[in-house]
Amino acid sequence: MKKDLKRKGEEQGFVLIVGLVVMSFLLLLAIPFLYQLSFENKLTTKSYKSSAALSLAEAGVERAIWELNYGDITTWDGDSSLRNMTISSFQTPDGNVIGDIEIRVEDPDGEYPVISSLGRVAMVESRVLSKCARIVLEEEKYKPWINGIFGDEELDFASNAYVDSYDSRDGAYGGSNMGSEGHVGTNGTHYGCIDLDSNARIYGNALSGPETIPEDVIITRGNAEIFGEMDSLSEPNDMPSVPLPEDLLYSGDYSLGGNDSDTIDESGVYTSFRLDSNCTVTIAADVSLYVTGEFAMRSNSQLEIAPGVKVTIYLGGSFIQHSNTQINNLSEDPTNLLILGTDTFNGEMEWNSNSQFWGAVYVPKADVHFNSNADFYGSISAKSFECDSNSKIHYDLALAALALDGVDDTPFKIKSWQEVIPATF
């Protein structure tokens, strides 16, 4: 009996020893695993905190952009060279505090403001994890001439009229420099908002107003053809007002008698600008001319733009061009001559010239009637556009990048974005 008890005790002791050995072995296996779990947990926590800090920095950037575009950043601390704002204890919608945001905007009134935004998230033992984003902004300037022809309300093309494209940066129109990007468009949504009479040709796309079915509103009469796609705008194309030129010398009325000649080499504001028959005016320097009243060219008169000269003509009253007159851009570069219509230029702009024209026209309140038998090289944006038979419009692709400066409420967009070391904030 005693032997049995002794044997049983020995067996239990052996089992205990084996169990302890196994447990020790398992513990040795578990320690690295538990350490790994702890390490991964720390990495996960750090990764989460890092993402949260970067998200806070990005939220600061969005806040600064909104204030610059739609708010009033002058309420922030600082001055016109530097504005600062701190958002402490930024919370989620359910009330959990994520961290703090510090925002700095350099040159907020300039053309290229710089935003530096720091997101800060608390770690353990009073440590803080920070992320910083640095953003350079630029104005998203309005570009009126991204189409060959655009009419806010409608477009009408008479028989045998056509629109195509070329690129003045590649030389003169013709030969291999002829393309099918002479796109036309309108915000109009009514039946006939784009109307092509017999044999009219559009070598490009035709875009009708938003939420329209192009086939239901674009008219193509006998043998008229659109060689690109017919589509509708995804949203209306804004046509903002032309900003008035500033600091121009007041020059009163300008009038040149028949058979006379003159030279203009200074910018100025004119209450009227009249050229009598057979006279010639040469613009010999880069100028801006603002005509608040009547702009009139009598038969056979000429307005010449010297080679290499850049001219902007602002119209605020009326535009009258009689037969055989010429606005002659001698450089034959459409980017060198801009004709802009202010809000008071809201009547009809009728082109009667039988000469070639190189330039870009933006008259958002006026109706353009092009009855010339010559070629128009450039782009036209107007309230409405109508051209007579045999009119030829050649859209210059170089105009697509040309912006209209000074448009009100022009928003800023991101030019460059980079994450930087928070210590440089």
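Pairing residues of the stretch 211-225 that are over 17 Å from ALA158 (Cα atoms) with residues that are of a type in the set (Asp, Glu), at Cβ distances under 7 Å and at least 6 apart in sequence or on separate chains, gives PRO214/ASP231. The one condition from (1) at pLDDT below 95; (2) more than 26 Å from the chain's Cα centre (by Cα); (3) among the hydrophobic types (A, V, I, L, M, F, W, C) that LEU244 does not meet is (2). Evaluated against (1) of a type in the set (Ser, Thr, Tyr); (2) surrounded by 12 or more Cβ atoms within 10 Å (Cβ to Cβ); (3) in a loop (DSSP other than H, G, I, E, B), SER234 falls short on exactly one condition, (2).
Of the strands (runs of 3 or more DSSP E) that lie entirely inside the stretch 45-110, those containing 2 or more residues that are in contact with a Ser or Thr (Cβ under 6 Å, 6 or more places away or on another chain) and without any contact (Cβ under 8 Å) to a residue 60 or more places away in the chain span 97-106. If we keep just the residues of the stretch 358-412 that are surrounded by fewer than 20 Cβ atoms within 10 Å (Cβ to Cβ) and of a type in the set (S, T, N, Q), which is nearest to ASP343 (Cα to Cα)? Ranking the qualifying residues of the stretch 358-412, first place goes to SER384.
Checking the condition at pLDDT 95 or above, surrounded by fewer than 20 Cβ atoms within 10 Å (Cβ to Cβ), of a type in the set (S, T, N, Q) and touching a strand residue (DSSP E or B) at 6+ places or on another chain (Cβ under 7 Å), which residue from THR220, THR212, THR186 passes?
Details: THR212 fails: surrounded by fewer than 20 Cβ atoms within 10 Å (Cβ to Cβ); THR186 fails: surrounded by fewer than 20 Cβ atoms within 10 Å (Cβ to Cβ).
On inspection, the qualifying residue turns out to be THR220.
In the stretch 279-300, the qualifying residues are those that are modelled with pLDDT of 95 or more and not hydrophobic (A, V, I, L, M, F, W, C), and the one that is surrounded by the most Cβ atoms within 10 Å (Cβ to Cβ) is TYR290. Does the stretch 323-332 contain any residue that is assigned to a loop (DSSP other than H, G, I, E, B), in contact with a strand residue (DSSP E or B) (Cβ under 6 Å, 6 or more places away or on another chain), surrounded by fewer than 19 Cβ atoms within 10 Å (Cβ to Cβ) and among the charged types (D, E, K, R)? Scanning the stretch 323-332 turns up at least one residue that is assigned to a loop (DSSP other than H, G, I, E, B), in contact with a strand residue (DSSP E or B) (Cβ under 6 Å, 6 or more places away or on another chain), surrounded by fewer than 19 Cβ atoms within 10 Å (Cβ to Cβ) and among the charged types (D, E, K, R).
How about the stretch 197-225: which of its residues are of a type in the set (Asp, Glu) and in a loop (DSSP other than H, G, I, E, B)?
Looking only at the stretch 197-225, we keep the residues that are of a type in the set (Asp, Glu), and these are 197, 211, 215-216, 225.
ASP197, GLU211, listed by residue number.
Can you name every residue in the stretch 265-276 that is touching a strand residue (DSSP E or B) at 6+ places or on another chain (Cβ under 6 Å) and either under 18 Å from GLN321 (Cβ atoms) or of a type in the set (Phe, Trp, Tyr) (or both)? TYR270, SER272, PHE273, ARG274, LEU275 - these are the residues of the stretch 265-276 that are touching a strand residue (DSSP E or B) at 6+ places or on another chain (Cβ under 6 Å) and either under 18 Å from GLN321 (Cβ atoms) or of a type in the set (Phe, Trp, Tyr) (or both). Looking at SER389, SER331, SER381, just one residue is closer than 30 Å to GLU111 by Cα, touching a residue at least 24 places away in the same chain (Cβ under 8 Å) and not hydrophobic (A, V, I, L, M, F, W, C), and that residue is SER381.
When restricted to residues that are at pLDDT below 90, within 24 Å of ASP333 (Cα to Cα) and touching a Leu at 6+ places or on another chain (Cβ under 9 Å), the stretch 399-421 contains 2.
Within the stretch 247-273, residues that are under 18 Å from PHE345 (Cβ atoms) reach no partner that is among the basic types (Lys, Arg) with beta carbons closer than 6 Å at six or more positions or on different chains. Considering only residues in the stretch 338-369 that are over 22 Å from THR292 (Cα atoms) and hydrophobic (A, V, I, L, M, F, W, C), the one that is farthest from the chain's Cα centre (by Cα) turns out to be PHE357.
For the stretch 339-349, enumerate the residues that are free of Cβ contacts under 8 Å to residues at least 40 places away in the same chain and surrounded by 18 or more Cβ atoms within 10 Å (Cβ to Cβ). Spell out the reasoning first.
Start the filter on the stretch 339-349 by keeping residues that are free of Cβ contacts under 8 Å to residues at least 40 places away in the same chain, which leaves 339, 345-349.
ILE339, PHE345, MET349 - these are the residues of the stretch 339-349 that are free of Cβ contacts under 8 Å to residues at least 40 places away in the same chain and surrounded by 18 or more Cβ atoms within 10 Å (Cβ to Cβ).
The values are calculated or read from the model by the stated rules, or taken from the named source; none is laboratory data. Because the structure is a prediction, the values reported are computed rather than measured. Neighbour counts run over all protein chains shown; Cβ positions are idealised from the backbone, glycine included.
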